[in-house]
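Peer 1: The structure that follows is given in the form of structure tokens.
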Amino acid sequence: RVVGAVRPGDTVVIHEGTYREWVAPQTSGTKDAPITFQGVDCDKVVLTGADVITDWQRIEGEKPVYRHSPWTARFQVATRNGEPVYNHPADARHRIIGRAEQVIVDGNLLQQVLALDDMTPGTFFVDLDASALCVWLADDTDPARHRVEASTRGWVFGGNPWSKKGVADYIHLRNVTIRYAANHAQRGALYALGDGWRVEDVTVEWTNGCGATFNGSDITVRSYCSQNNGQLGMGGNPSASEFEDIQLLDNNRK
């Protein structure tokens, strides 16, 4: 709720915890009075695009496949011949790697398949027609015995240039970890959409697409790490900006 209340010069202190939401700034700061979102500790303040999923039912048959329903998350990127497109780019090569869904079991990502018959241990399948999410865990066990999360948000902090939500200038972000966004290629889970942003001591990891996107001028990024993201560590089109002490590790895993 705080993003609707802050004014230039305010500092938001984020205490230890996991925050399952998209934080989209609504108000701009100024060069002399930025708006700051500051975690108490990068390792202890986590902003995530994933939710915990429960209520699993085993599907009949020999395979230990479990089903969660209803599953309503949709990550449509386009429409072609009147039909929704869920992979980006919209070609055969990217039918799987271009999808945005992620399922995480006890901190480990499952591999996506596109049909129930293709499921093997350690995979998941999103049945869009039946509005269901299906998983087959690597150890064949009931997912109720594990912590199962699934990505439900494509943005975690910042703006969305397509909806114009979260566009703001002079936003400072410090001491947080961002992870598990269901974002497509070239769309950062951390999306700095405005001038005068400052990002320090931030880690973005295990997102489906790009870790962070920086679009604007007078942007400063220091002590930043993007790791294990599905596509890029970072991207964008910043101008008159400064990047220092940047680590891009093991990205493009898809």
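Peer 1: Being aliphatic (A, V, I, L, M), part of a loop (DSSP other than H, G, I, E, B) and farther than 19 Å from residue 205 by Cβ is the filter here; which residues of region 106-121 pass it? Please lay out each step first, then the result.
Peer 2: Let us first name the residues in region 106-121 that are aliphatic (A, V, I, L, M), namely 109-110, 113-116, 119.
Narrowing the set further to residues that are part of a loop (DSSP other than H, G, I, E, B) leaves 110, 114-115, 119.
Listed by number, the residues that qualify are 114, 115, 119.
Peer 1: Specify the residue that is most open to solvent (accessible area, probe 1.4 Å); the eligible residues are those in region 48-70 that are under 19 Å from residue 129 (Cβ atoms) and among the hydroxyl-bearing types (Ser, Thr, Tyr).
Peer 2: 69
Peer 1: Can I ask one more? Go through (1) over 18 Å from the mean Cα position of the chain (by Cα); (2) over 23 Å from residue 232 (Cβ atoms); (3) surrounded by 18 or more Cβ atoms within 10 Å (Cβ to Cβ) for residue 138 and report which single condition fails.
Peer 2: (3) is the only condition that residue 138 fails.
Peer 1: Looking only at region 204-241, filter to residues that are at positive phi and of a type outside the set (A, V, I, L, M); which one of those is most open to solvent (accessible area, probe 1.4 Å)?
Peer 2: Here is the first cut: in region 204-241, the residues at positive phi are 206, 216, 218, 223, 228, 236, 240.
With of a type outside the set (A, V, I, L, M) added as a condition, the list becomes 206, 216, 218, 223, 228, 236.
Values: 206: 79, 216: 18, 218: 63, 223: 46, 228: 35, 236: 53 Å².
Only one residue fits best here, namely 206.
Peer 1: Tell me the residue from 245, 201 that is more than 22 Å from residue 15 (Cα to Cα), assigned to a strand (DSSP E or B) and either polar (S, T, N, Q) or open to solvent by 50 Å² or more (accessible area, probe 1.4 Å) (or both), please.
Peer 2: Working: 201 fails: more than 22 Å from residue 15 (Cα to Cα).
Residue meeting the stated conditions: 245.
Peer 1: Please identify the pairs in which a residue from region 20-46 that is under 14 Å from residue 5 (Cβ atoms) has its Cβ atom under 8 Å from the Cβ atom of a residue that is among the aromatic types (Phe, Trp, Tyr) and surrounded by fewer than 21 Cβ atoms within 10 Å (Cβ to Cβ), counting only partners at least 6 apart or on another chain.
Peer 2: Partner pairs satisfying both residue conditions: none exist.
Peer 1: Would it be correct to say that residue 79 is farther than 22 Å from residue 121 by Cα and either surrounded by fewer than 16 Cβ atoms within 10 Å (Cβ to Cβ) or modelled with pLDDT of 95 or more (or both)? So that I can check it myself, show each step before the final result.
Peer 2: Numbers: farther than 22 Å from residue 121 by Cα: yes; either surrounded by fewer than 16 Cβ atoms within 10 Å (Cβ to Cβ) or modelled with pLDDT of 95 or more (or both): yes.
Judged against the criteria, residue 79 is a match.
Peer 1: Hey, among 191, 170, 180, which residue is under 17 Å from the mean Cα position of the chain (by Cα) and under 17 Å from residue 38 (Cα atoms)?
Peer 2: The unique qualifying residue is 191.
Peer 1: Still on this structure, I have one more. Residue 93 - would you say it is out of contact with any His (no Cβ under 6 Å at 6 or more places or on another chain), farther than 24 Å from residue 47 by Cβ, basic (Lys, Arg) and not in a strand (DSSP E or B)?
Peer 2: yes
Peer 1: Return yes when residue 97 is of a type in the set (A, V, I, L, M), in contact with a strand residue (DSSP E or B) (Cβ under 7 Å, 6 or more places away or on another chain), surrounded by 13 or more Cβ atoms within 10 Å (Cβ to Cβ) and under 17 Å from residue 230 (Cα atoms) and no when it is not.
Peer 2: no
Peer 1: Separate question: When you scan region 147-156, do you find a residue that is within 20 Å of residue 228 (Cα to Cα), assigned to a loop (DSSP other than H, G, I, E, B) and among the aliphatic types (A, V, I, L, M), even just one?
Peer 2: Yes; the residues of region 147-156 include at least one that is within 20 Å of residue 228 (Cα to Cα), assigned to a loop (DSSP other than H, G, I, E, B) and among the aliphatic types (A, V, I, L, M).
Peer 1: Sticking with this structure for a sec: Which of the residues belonging to region 141-169 are within 17 Å of residue 197 (Cβ to Cβ) and in contact with a Leu (Cβ under 8 Å, 6 or more places away or on another chain)?
Peer 2: Matches in region 141-169: 156, 157, 158, 159, 160, 161, 166, 167, 168.
Peer 1: Residues being open to solvent by less than 10 Å² (accessible area, probe 1.4 Å), touching a residue at least 60 places away in the same chain (Cβ under 8 Å), of a type in the set (A, V, I, L, M, F, W, C) and assigned to a loop (DSSP other than H, G, I, E, B): count how many of those fall in region 157-198.
Peer 2: Going through region 157-198 one residue at a time, the tally reaches 3.
Peer 1: For residue 34, indicate whether it is surrounded by 14 or more Cβ atoms within 10 Å (Cβ to Cβ), farther than 21 Å from residue 153 by Cα and not hydroxyl-bearing (Ser, Thr, Tyr).
Peer 2: Judged against the criteria, residue 34 is a match.
The values are calculated or read from the model by the stated rules, or taken from the named source; none is laboratory data. No experiment lies behind these values; they were computed from the predicted model shown. Virtual Cβ from ideal backbone geometry, glycine too; neighbours counted across all protein chains shown. Surface areas here come from the heavy atoms of the whole protein model, side chains and all, with no ligands, DNA or RNA. Shrake-Rupley method; radii C 1.70, N 1.55, O 1.52, S 1.80 Å.
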